[in-house]
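A short worksheet on the structure shown next.
The values are calculated or read from the model by the stated rules, or taken from the named source; none is laboratory data. Just so it is clear, the structure is predicted and the values come from calculations on it, not from any experiment. Counting neighbours? That spans all protein chains shown, and the Cβs are built from the backbone with ideal geometry, glycine included. In case anyone asks, the SASA skips ligands and DNA or RNA and just uses the protein heavy atoms, side chains included. Shrake-Rupley method; radii C 1.70, N 1.55, O 1.52, S 1.80 Å.
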Amino acid sequence: MEPLHITITTAPPRSSSRTRSLSLCVRMAKRLTVLLFLIMMLIMLIAWSYLKPRPPGFQLRSVSVSNFTVTDSQLIKGSCEVDLNITNPNKRVDVTVDHFIFFVSYDDSTVVSEPEPALLIYAERMRETDVKVELSFKDTLPSPIQKNMVKDLQKKAVNFNVKLKARVTYEGGIWGTQESFLDIYCGDLDVDFFSVKDTGKFLGGVGNDCDVTALEEDQQG
């Protein structure tokens with residue numbers, strides 16, 4: 001008779017099995033949390049890229065100069081009317097533009113007008129509006145600038161630049177209320193004095209886009 005072999009197998013302790021199961025659940029929970037975090041970040045990045053408010057566009061419609069004189073004593077007199085078109089390119093955000101400061105400069109360096117604030121402008125989403133501002137020229141000019149301007153007037157064309165600083169408030173977006181301070185530059189504007197000696201007009205036509213630079217932003221949710 002062959003001997004009887006008996007093998008006894010003991011089950012692992014229940015506490016050890018539970019520990020391994022708990023450790024596995026913790027690892028899976030951590031991985032799921034990281035995955036959900038990455039998905040949320042991706043969604044927010046896409047939303048920020050597509051839904052972030054865009055600054056309004058500025059187009060120069062016309063520049064008209066009237067009663068313009070430059071004397072040998074370096075005096076400059078007259079007024080300048082600037083007509084701008086402001087477009088809100090946002091589909092879901094209304095914009096309010098205020099704290100305007102207008103300047104007119106000569107030869108892109110010398111400010112020749114008194115600073116003039118403009119009224120508050122409200123532009124609904126995907127809408128546009130016009131704004132007109134009249135500025136007065138300064139009383140005196142430095143001697144070299146005066147001489148150059150007189151030469152330009154003799155040629156019946158003076159090159160001006162229109163500069164603006166403004167605050168834009170974005171309302172109604174998913175990010176809450178936001179503010180952006182803009183620097184707007186409409187440059188290289190040849191004003192032609194072609195008929196009446198002291199009257200000139202920019203003949204560049206409608207649709208001259210101005211350069212817009214955001215200076216800083218502040219979210220006020």
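Of Ser79, Ser105, which residue is small (Gly, Ala, Ser) and either open to solvent by 30 Å² or more (accessible area, probe 1.4 Å) or over 16 Å from Ile184 (Cβ atoms) (or both)?
Within the list Ser79, Ser105, the selection yields Ser79.
Just give me the residues in region 119-128 being open to solvent by 40 Å² or more (accessible area, probe 1.4 Å) and either of a type outside the set (Ser, Thr, Tyr) or more than 17 Å from Gly172 (Cα to Cα) (or both), in sequence order.
Leu119, Leu120, Glu124, Arg125, Met126, Arg127, Glu128
Can you confirm whether Asp183 is at pLDDT 90 or above, open to solvent by 40 Å² or more (accessible area, probe 1.4 Å) and touching a Phe, Trp or Tyr at 6+ places or on another chain (Cβ under 7 Å)?
no
Against the condition open to solvent by 10 Å² or more (accessible area, probe 1.4 Å), hydrophobic (A, V, I, L, M, F, W, C) and either out of contact with any Asp or Glu (no Cβ under 9 Å at 6 or more places or on another chain) or assigned to a helix (DSSP H, G or I) (or both), how does Met149 come out, does it pass?
no
Within region 129-138, can one find any residue that is over 22 Å from Ser79 (Cα atoms), outside any strand (DSSP E or B), at pLDDT below 90 and open to solvent by 50 Å² or more (accessible area, probe 1.4 Å)?
no
Return yes or no: is Val162 outside any loop (DSSP other than H, G, I, E, B) and out of contact with any Cys (no Cβ under 7 Å at 6 or more places or on another chain)?
It is false that Val162 is outside any loop (DSSP other than H, G, I, E, B) and out of contact with any Cys (no Cβ under 7 Å at 6 or more places or on another chain).
Here are Ser66, Ser73: which of them is part of a loop (DSSP other than H, G, I, E, B) and either modelled with pLDDT of 80 or more or among the charged types (D, E, K, R) (or both)?
Among Ser66, Ser73, only Ser73 is part of a loop (DSSP other than H, G, I, E, B) and either modelled with pLDDT of 80 or more or among the charged types (D, E, K, R) (or both).
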